[in-house]
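Here's the structure we're looking at; comments come further down.
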Amino acid sequence: MVLDFELTSELVNDVLVIKTEGYINNAGGERIAKEFEKYLNQGITKVLIDIEKSKVVNSIGISFLIEIIEQLNERGGKLYFTNLDPSIEKTFEIMGLFQFAEKVDSVEDIK
Amino acid sequence: MDQHIKLEIKLPKVTDIELVALEGLELMGRHLGIPEDKIGEARILVTEGIINALEHSGSDIPYVNVDFTMTKEKLVILITDYGQGFEPETVEEPDISGKIGGDNKRGWGLKLMKSMSDDFKIESSQNGTRITITKKLS
């Protein structure tokens, strides 16, 4: 089980792609939110979070993703997810995240 | 008779200590050949149950007891804290529309545990709280 949380980020056209590895807990969620904030003043409105390498999440970590959804909403943007573990996808469904965010297969699916 | 395995652990209030319980859960699941999708959902239940209990465990007895009983058919998770307890019926059901734009984005634990389990019970008093979660595995 990966204990340390790591992330990488890159711009793919106009989409900020954040790839995570490890437990998305309080600290992991905060790291994602801070990474997103680095790009905020560049006018980013589309963010894709690839969580293929994060098999464990908790609701405190997800609360930081709700903050990102909120900030993107205010700018007419959207948060996307890819490579969701089925249990994490079910968690997001229960929380209603897909009312505001979207699941995609890859960054190419984001218009 | 179905094989029945148990794990009982006492977890101190230490950052990410729930990962210790998850490690045990995954080893038990592998031993019994439980499908990965069921273990994935059990992971969410265990994580939410433990972080919720640790958050409410108080400072006098800052640990929680976690018991797993697993067969090929079901997992029963028992999580006990020794905090001041709470009244579950007074906990407001979270809603994503209310959370977006609201100050408090947290408070999802009970909803996730109720929704993802097959049975969920809370017993709470001023001496602590015990939650019993049942998850079908087949």
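Read-outs throughout are calculated quantities, based only on the coordinates presented, and are distinct from any laboratory measurement. Remember, it's a predicted structure, so these values are computed and weren't measured experimentally. Virtual Cβ from ideal backbone geometry, glycine too; neighbours counted across all protein chains shown.
Could you work out the relative contact order of the stretch A:6-109, using alpha carbon pairs under 8 angstrom and six or more residues apart, expressed as a whole percent?
Rounded, it is 28 percent for the stretch A:6-109.
Taking the DSSP beta bridges in chain A as the whole, what percent of them are antiparallel, to the nearest 5?
Antiparallel bridges make up about 30 percent of those DSSP assigns within chain A.
From Cα coordinates alone, what are the radius of gyration and Dmax values for the protein assembly as shown in angstrom?
Rg and Dmax of the protein assembly as shown, Cα atoms, are 18.6, 63 Å.
Estimate the FRET efficiency between A:K78 and B:E87 by the formula 1/(1 + (r/R0)^6), using the beta-carbon distance for r and 41 Å for R0, to the nearest 0.05.
Efficiency, from the Cβ-Cβ distance: 0.60.
I'd like the mean, over residues of A:64-77, of how many other protein chain beta carbons sit within 10 Å of each residue's own Cβ.
Shielding by partners across A:64-77 averages 2.
At 7 Å along the Cα-to-beta-carbon direction for both A:E102 and A:E30, put a label point, then send me their distance in nm to one decimal.
Inter-label distance under the simple model: 3.3 nm.
If you project the alpha carbons of the stretch B:5-136 onto the principal axes, what extent comes out on each, in Å, largest first?
43, 36, 25
In a GNM of chain B with a 10 Å cut-off on Cα contacts, which of B:G40, B:G102, B:G49 has the highest mean-square fluctuation?
B:G102
If you add up the charges near B:T80, with Lys and Arg at +1 and Asp and Glu at -1, over every other residue whose beta carbon is less than 10 angstrom from its beta carbon, what do you get?
Charge balance in the 10 Å sphere: -1.
Restricting attention to the stretch B:32-100, which GluC sites (Glu not before Pro) occupy a DSSP loop and are surrounded by at most 14 other Cβ atoms within 10 Å?
Sparse-neighbourhood loop GluC sites (Glu not before Pro): B:E73, B:E92.
I need the shape label for the stretch A:59-111. Rule: rounded when a/c is under 1.5, else prolate if a/b > b/c, else oblate, with a, b, c from the alpha carbon gyration tensor.
Since a/c reaches 1.5 but b/c is at least a/b, the shape of the stretch A:59-111 is classed as oblate.
Report, for the protein assembly as shown, the % of DSSP beta bridges that are antiparallel, rounded to 5.
70
Within a 10 angstrom radius of the beta carbon, how do B:E8, A:E35 rank from fewest other beta carbons to most?
Final ranking by Cβ density, sparse to dense: B:E8, A:E35.
What does a probe at B:E8 reach in the stretch B:95-138, counting residues whose amide N is under 18 Å from the point 7 Å along Cα→Cβ?
Zone members listed by number: B:129-133.
Once all Cα-Cα distances of chain A are split into 10 Å bins that start at 0, what whole-number percent is in each one?
Pairs per bin, as whole percents: 15, 54, 29, 2.
Can you tell me which of B:S125, B:S117, B:S97 moves the most in a GNM of chain B? Springs connect C-alpha atoms under 10 Å apart.
Fluctuation is largest for B:S97.
Return a whole-number percent for the relative contact order of the stretch B:5-136, with Cα pairs under 8 Å and 6 or more residues apart as the contact set.
In percent, rounded to a whole number, it is 27.
Count, for each residue of B:15-24, the Cβ atoms from other chains sitting within 10 Å of its Cβ, then give me the mean as a whole number.
3
How would the stretch B:64-138 be classified by its alpha-carbon gyration tensor: rounded, prolate or oblate, with rounded meaning a/c under 1.5 and the a/b versus b/c comparison settling the rest?
Oblate shape, in that a/c is at least 1.5 and b/c is the bigger or equal ratio.
Within 10 Å of each Cβ in peptide B:32-43, how many partner chain Cβ atoms are there on average? Round it to a whole number, please.
3
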